[in-house]
1. Return a yes/no flag: does segment 87-97 have any residue that is more than 15 Å from the chain's Cα centre (by Cα), in a strand (DSSP E or B) and at pLDDT 95 or above.
2. Hey, can you tell me all the residues within segment 141-152 that are open to solvent by less than 20 Å² (accessible area, probe 1.4 Å) and either in contact with a Cys (Cβ under 6 Å, 6 or more places away or on another chain) or modelled with pLDDT of 95 or more (or both)?
3. For segment 33-78: of the residues being open to solvent by less than 30 Å² (accessible area, probe 1.4 Å) and farther than 30 Å from R109 by Cα, which is farthest from the chain's Cα centre (by Cα)?
4. Going by the structure shown, is G30 among the small types (G, A, S) and surrounded by 10 or more Cβ atoms within 10 Å (Cβ to Cβ)?
5. For segment 153-174, give me each residue that is in contact with a strand residue (DSSP E or B) (Cβ under 7 Å, 6 or more places away or on another chain) and either open to solvent by 40 Å² or more (accessible area, probe 1.4 Å) or among the aromatic types (F, W, Y) (or both).
6. Please verify whether E123 is open to solvent by 50 Å² or more (accessible area, probe 1.4 Å) and either under 13 Å from the mean Cα position of the chain (by Cα) or closer than 30 Å to L17 by Cα (or both), treating the condition exactly as stated.
7. Of the numbered conditions (1) of a type in the set (F, W, Y); (2) in a helix (DSSP H, G or I); (3) open to solvent by less than 80 Å² (accessible area, probe 1.4 Å), F7 satisfies every one except a single condition; which is it?
8. Inspect segment 70-82 for any residue being in a strand (DSSP E or B) and touching a residue at least 60 places away in the same chain (Cβ under 8 Å) and give the result as yes or no.
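The values are calculated or read from the model by the stated rules, or taken from the named source; none is laboratory data. In this text, all values refer to a predicted model and were calculated from it rather than measured experimentally. Using ideal geometry, Cβ is built from the backbone for each residue, glycine included, and neighbour counts are taken over all protein chains shown. What goes into the accessible areas is simple: the full protein's heavy atoms, side chains included, and nothing from ligands, DNA or RNA. Shrake-Rupley method; radii C 1.70, N 1.55, O 1.52, S 1.80 Å.
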Amino acid sequence: MDIFQAFSDETLRKGVLFYYTGYMSQNVIGAMGDTLRHRLEAQGTKGAITRKVFSTFVEMAQNILNYSADADRAHDNRQYSQGGVAIGQIGESFYIICGNHIDRAYQDRVRSKLEAIRAMSPEEIKQACKQQLRNENTDEDELSKGAGLGFLTVARDASQPIEFCFIEHELPAEKVGFYLKAVI
């Protein structure tokens, strides 16, 4: 109980509103989204900010579900993927952080996409989102279900450049920890 109390105290100090780690599925993401939306509305968060926080959370959770190296299929063919997400508030800003393991073979590809987005201006990010939505992107990406639209959407809604890192955990050699942060 001491460990749980210390964890609870630290999350309050860091402004954490919501934290989850474990298996994710469409149903879990939906339930977390409902809880998050209710929490934001209950504290009087403005509609545009609520939409951006919610949208960013959904994009990050879907990223975990679709690309985690720790994914399983249940007997009913539903996908369950391991990862974590935290949403917090410091002052007027919200932060959303997600983490999961990815296949090491994709690390450079993910880094390249995110570095390119970080180098874009807010206007360039908006234009890239519009191009992706109209399927004007000439990048053929067999691995990505949205050819990077999720990362672009997160970056578009963020008030600061998105942050990311890869961390070596005590993992099998073919996996690496991937973490992404956005501030709204």
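1. Taking segment 87-97 and keeping what is more than 15 Å from the chain's Cα centre (by Cα), we get 89-93.
Filter once more, keeping what is in a strand (DSSP E or B): 89-90, 93.
Filter again for at pLDDT 95 or above, leaving 89, 93.
The answer is yes; a qualifying residue exists.
2. L152
3. Only one residue tops the list, namely T45.
4. Values: among the small types (G, A, S): yes; surrounded by 10 or more Cβ atoms within 10 Å (Cβ to Cβ): yes.
Spelling it out, G30 is indeed among the small types (G, A, S) and surrounded by 10 or more Cβ atoms within 10 Å (Cβ to Cβ).
5. Listed by number, the residues that qualify are S159, Q160, E163, F164, C165, F166, I167, E168, H169, L171, E174.
6. No.
7. Here F7 meets the rest and fails (3).
8. Yes, segment 70-82 contains a residue that is in a strand (DSSP E or B) and touching a residue at least 60 places away in the same chain (Cβ under 8 Å).
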